[in-house]
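K.L.:
Sharing a structure, written as structure tokens. Questions coming.
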Amino acid sequence: QHCFTKSEDGFLYCEGLKVQDVMDVVERRPFYLYSKPQITRNVEAYKDALEGLNSIIGYAIKANNNLKILEHLRKLGCGAVLVSGNELKLALHAGFDPTKCIFNGNGKLLEDLVLAAQEGVFVNVDSEFDLENIVSAARIAGKKVNVLLRINPDVDPQVHPYVATGNKNSKFGIRNEKLQWFLDAVKAHPNELKLVGAHCHLGSTITKVDIFRDAAVLMVNYIDQIRAQGFQIDFLNIGGGLGIDYHHTGAVLPTPRDLIDTVRELVLSRNLNLIIEPGRSLIANTCCLVNRVTGVKTNGTKNFVVIDGSMAELIRPSLYDAYQHIELVSSPPSDAEVSTFDVVGPVCESADFLGKDRTLATPSMGAGLVVHDAGAYCMSMASTYNLKMRPPEYWVEDDGSVSKIRHAETFEDHLRFFKDL
Ligand code: LLP
């Protein structure tokens, strides 16, 4: 069951609510519209898949940092993966259990590591200098830090180079030839560091589970080597990265169960606790960016649908040439001509497009047009370029009503940065 469905008469619904009806009542456009029940279903799919394993679902907050969504994920039992001090603070604010939180990153700052040490979150070691900073943070906080080594397994995730992280030229993680240096460094700091596990993250939008399996085999070998040196390590963290069906072609993509099943036996054979760090596969398909058509134009040989949303609200197509499915919220009149359009925003950049060469019935001015799968890396990557203020967010509740879950950013918010200067 998926939250967004099209009725036979051509209306887009979110959990039984006509998106057109929501557009008629919200105060600002464009806006993000989520389904809370879909978020729940996505978490339940992971929980079901993880049955029989000791595990932590560390939701990657970077994918979407809406506080209401975080609180909901926390209530469903998720932990959190953090990549900045502010993400750490937000996770604590949202009430996440620090012992289910993992602080990750190649440039963690000392002050943020001190907070992580004080709160008792897991910290992934990324480099030599990172290890030194974690040792300093432990001393300042007066607490021993539970660390995992982020090992770069050098596996090709077969994704866009911008979202590949576990290959040999990546800026993330420790190269395996350096492993011994890190083990010795941990041994040299028994009062500051407790090595509890190994971590890897291969990349994002991965659609073949064999890639996770290959990495897990390598990681378990590293864990064997580490244990052979007397370390009692219990955690294997295989990161996030599971892709979703952005193309809506009905292609069968691996599910959370497929992902977990491919590593289950390995994890059990070594009596490990499994940490996973999903972002996209928990939240992307729970949301649409809802836009309104400003007008339709033709230049040369190209047709354009101009909408009020843009690369400022949703940058993935501009940044990664990413495909996100686009459709109208209601069918236009049957005599509307079907053409190929670039769907573009009003921002002064030729890179400002939400979709290229999309076949659509020519929409009328004011028609609703959605960009699907906008729950991950869309609002969290939104900017105020061209002073397009960040849009509001709404979700459909379990009872089918709509609630606002984030206010629209306003022009006054912008002026505030210059007050009393
Ligand atoms: N863990 C680590 C260490 C990560 O670096 C990431 C994502 C995740 C977990 C979550 O991965 P996910 O399950 O969401 O694929 N902005 C890009 C995606 C960047 C992902 C960065 N790391 C996009 O819009 O596609």
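K.L.:
According to a simple spin-label model (label point 7 Å from Cα along Cα-to-Cβ), what is the distance in nm between Asp258 and Leu319?
P.N.:
2.6 nm
K.L.:
Label the stretch 365-420 by shape, choosing from rounded, prolate and oblate, from the square roots a ≥ b ≥ c of the eigenvalues of the Cα gyration tensor; if a/c is under 1.5 it is rounded, and otherwise prolate applies when a/b is larger than b/c, oblate when it is not. Intermediate results must be reported in sequence, preceding the final value.
P.N.:
Working: a/c = 2.07, a/b = 1.65, b/c = 1.26.
Taking the square roots of the gyration eigenvalues as a ≥ b ≥ c, the stretch 365-420 is prolate.
K.L.:
Calculate what fraction, in whole %, of the accessible area of the stretch 58-170 sits on carbon and sulfur atoms when a 1.4 Å probe is rolled over the protein chains.
P.N.:
Working: 2100 of 4400 Å².
Heavy-atom surface of the stretch 58-170 belonging to carbon and sulfur, 1.4 Å probe: 48 percent.
K.L.:
Additional query: Ratio of the stretch 231-366's C-alpha Rg to 2.2 N^0.38 Å, to two decimals? Working shown, then result.
P.N.:
Values: Rg = 20.7 Å, N = 136, 2.2 N^0.38 = 14.2 Å.
Normalised Rg, Cα atoms only: 1.46.
K.L.:
Need one number for the stretch 176-245: average projected area of the convex hull over its C-alpha atoms, nm². Each step should come with its number before you reach the end.
P.N.:
Values: hull surface 20.9 nm².
Over all viewing directions, the stretch 176-245 projects a mean Cα-hull area of 5.2 nm².
K.L.:
Length gain on complete extension for the stretch Lys168 to Glu51, per 0.36 nm per residue less the alpha carbon to alpha carbon distance?
P.N.:
Working: separation 117, 0.36 × 117 = 42.12 nm, distance 3.34 nm.
That pair, Lys168 and Glu51, stretches by 38.8 nm at full extension.
K.L.:
Another one. Show me the ranking of peptides 361-374, 261-274 by mean Cβ neighbours inside 10 Å, starting with the highest.
P.N.:
Numbers: 361-374: 20.8, 261-274: 16.4.
Taking the mean over residues of other Cβ atoms within 10 Å, the ranking is 361-374, 261-274.
K.L.:
Additional query: Based on the Cβ-Cβ distance of Lys144 and Leu387, what FRET efficiency does E = 1/(1 + (r/R0)^6) give at R0 = 41 Å, to the nearest 0.05? Display every interim value, and only then the final one.
P.N.:
Values: r = 48 Å, r/R0 = 1.16.
Efficiency at R0 = 41 Å is approximately 0.30.
K.L.:
Per-residue ellipticity at 222 nm for the chain, helices alone: DSSP H runs ≥ 4 residues times -39500 (n - 2.57), over residue total, nearest 500 deg cm²/dmol?
P.N.:
Values: 12 runs with 121 residues, N = 421.
Only helices count here, giving -8500 deg cm²/dmol.
K.L.:
Okay, next question. Considering the stretch 156-293, what Rg and Dmax in Å follow from its alpha-carbon atoms?
P.N.:
17.4, 63
K.L.:
Right, another one. Quick one: which of Lys62/Lys108; Lys36/Lys356; Lys62/Lys100; Lys18/Lys68; Lys100/Lys404; Lys144/Lys178 span more than 18 angstrom between C-alpha atoms? Walk me through the numbers on the way to the answer.
P.N.:
On the way: Lys62/Lys108 15 Å; Lys36/Lys356 30 Å; Lys62/Lys100 16 Å; Lys18/Lys68 23 Å; Lys100/Lys404 28 Å; Lys144/Lys178 23 Å.
Correct reply: Lys36/Lys356; Lys18/Lys68; Lys100/Lys404; Lys144/Lys178.
K.L.:
Just to be sure I understand: with springs between alpha-carbon atoms less than 10 Å apart, which residue in Asp342, Asp21, Asp234 has the highest mean-square fluctuation in the Gaussian network model of the chain?
P.N.:
Per the Cα network of the chain with a 10 Å cutoff, Asp21 tops the list.
K.L.:
How much accessible area per residue does the stretch 51-140 have, counting only protein heavy atoms and a probe of 1.4 Å, in square angstrom? Before the final figure, lay out the partial values.
P.N.:
On the way: 3370 Å² over 90 residues.
Value returned for the stretch 51-140: 37 Å² of accessible area per residue.
K.L.:
Another question, if that's okay. Going 7 Å from the Cα of Gln118 along its beta-carbon direction, which residues of the stretch 52-67 have the amide nitrogen within less than 19 Å of the resulting point?
P.N.:
none
K.L.:
Of the residues Pro256, Pro153, Pro332, which exhibits the maximal mean-square fluctuation in a Gaussian network model of the chain defined by a 10 Å Cα contact cut-off?
P.N.:
Among Pro256, Pro153, Pro332, the largest GNM mean-square fluctuation belongs to Pro332.
K.L.:
Using the C-alpha gyration tensor of the stretch 1-72, what are the square roots of 5 times its eigenvalues, in whole angstrom, with the largest one first?
P.N.:
Numbers: eigenvalues 172, 60, 11 Å².
Over the Cα atoms of the stretch 1-72, the semi-axes work out to 29, 17, 8 Å.
K.L.:
Averaging sequence separations of C-alpha pairs under 8 Å and six or more residues apart, then dividing by the length of the chain, give the relative contact order as a whole percent. Please report the intermediate quantities before stating the final value.
P.N.:
Working: 926 pairs, mean separation 78.4, N = 421.
Once normalised by length, the contact order is 19 percent.
K.L.:
Ordering Trp181, Trp395 by accessible area with a probe of 1.4 Å, largest first, what comes out?
P.N.:
Details: Trp181 115, Trp395 15 Å².
Output order, biggest surface exposure first: Trp181, Trp395.
K.L.:
Take the alpha carbon atoms of the stretch 114-136, find their center, do the same for the stretch 186-233, and report the distance between the two centers in whole angstrom.
P.N.:
If you average the Cα positions of each part, the centres end up 17 Å apart.
K.L.:
Sticking with this structure for a sec: Using all Cα-Cα distances in the stretch 63-159, what percent lands in each 5 angstrom bin from 0 up to the longest?
P.N.:
Here the calculated profile for the stretch 63-159 is 3, 14, 24, 21, 16, 12, 8, 1, 0.
K.L.:
What are the principal axis extents of the Cα atoms in the chain, in Å, biggest first?
P.N.:
Result for the chain: principal-axis Cα extents of 74, 56, 46 Å.
K.L.:
For the stretch 297-421, what is the per residue volume of the convex hull drawn over the alpha-carbon atoms, in cubic angstrom?
P.N.:
On the way: hull volume 18.0 nm³, N = 125.
Per-residue hull volume (Cα only) is 144 Å³.
K.L.:
Any chance you could check the Cα centroid distance between the stretch 240-262 and the stretch 42-77 for me, in angstrom?
P.N.:
Each part reduced to its Cα centre gives a spacing of 17 Å.
K.L.:
Can you tell me how much longer the chain between Asp224 and His414 gets when fully stretched, taken as 0.36 nm per residue apart minus their C-alpha distance, in nm with one decimal?
P.N.:
Numbers: separation 190, 0.36 × 190 = 68.40 nm, distance 5.35 nm.
Full extension from Asp224 to His414 adds 63.0 nm.
K.L.:
Still on this structure: How long is the gain from Lys194 to Glu128 if the chain were fully straight, where each residue apart is worth 0.36 nm and the alpha carbon distance is subtracted? Walk me through the intermediate numbers first.
P.N.:
Working: separation 66, 0.36 × 66 = 23.76 nm, distance 1.60 nm.
Extending this stretch completely gives an extra 22.2 nm.
K.L.:
If you average the sequence gap of Cα pairs under 8 Å that are 6 or more apart and divide by the length of the stretch 143-278, what percent do you get for the contact order?
P.N.:
On the way: 233 pairs, mean separation 35.2, N = 136.
Once divided by the residue count of the stretch 143-278, the mean separation gives 26 percent.
K.L.:
Roughly to the nearest percent, how much of the accessible area of the stretch 196-246 is carbon and sulfur, given a 1.4 Å probe? Don't jump to the answer; show the numbers that get you there.
P.N.:
Details: 800 of 1690 Å².
Heavy-atom surface of the stretch 196-246 belonging to carbon and sulfur, 1.4 Å probe: 47 percent.
K.L.:
Same structure again: Based on alpha-carbon centroids, what's the gap between the stretch 359-416 and the stretch 298-356 in Å, whole number please?
P.N.:
Answer, in whole Å: 15.
The values are calculated or read from the model by the stated rules, or taken from the named source; none is laboratory data. All of these numbers come straight from a predicted model, not from anything done at the bench. Heads up, the Cβs are rebuilt from the backbone with ideal geometry, glycines too, and the neighbour counts pull from every protein chain shown. To get the accessible areas, we keep the full protein, side chains included, count just its heavy atoms, and leave off ligands, DNA and RNA. Shrake-Rupley method; radii C 1.70, N 1.55, O 1.52, S 1.80 Å.
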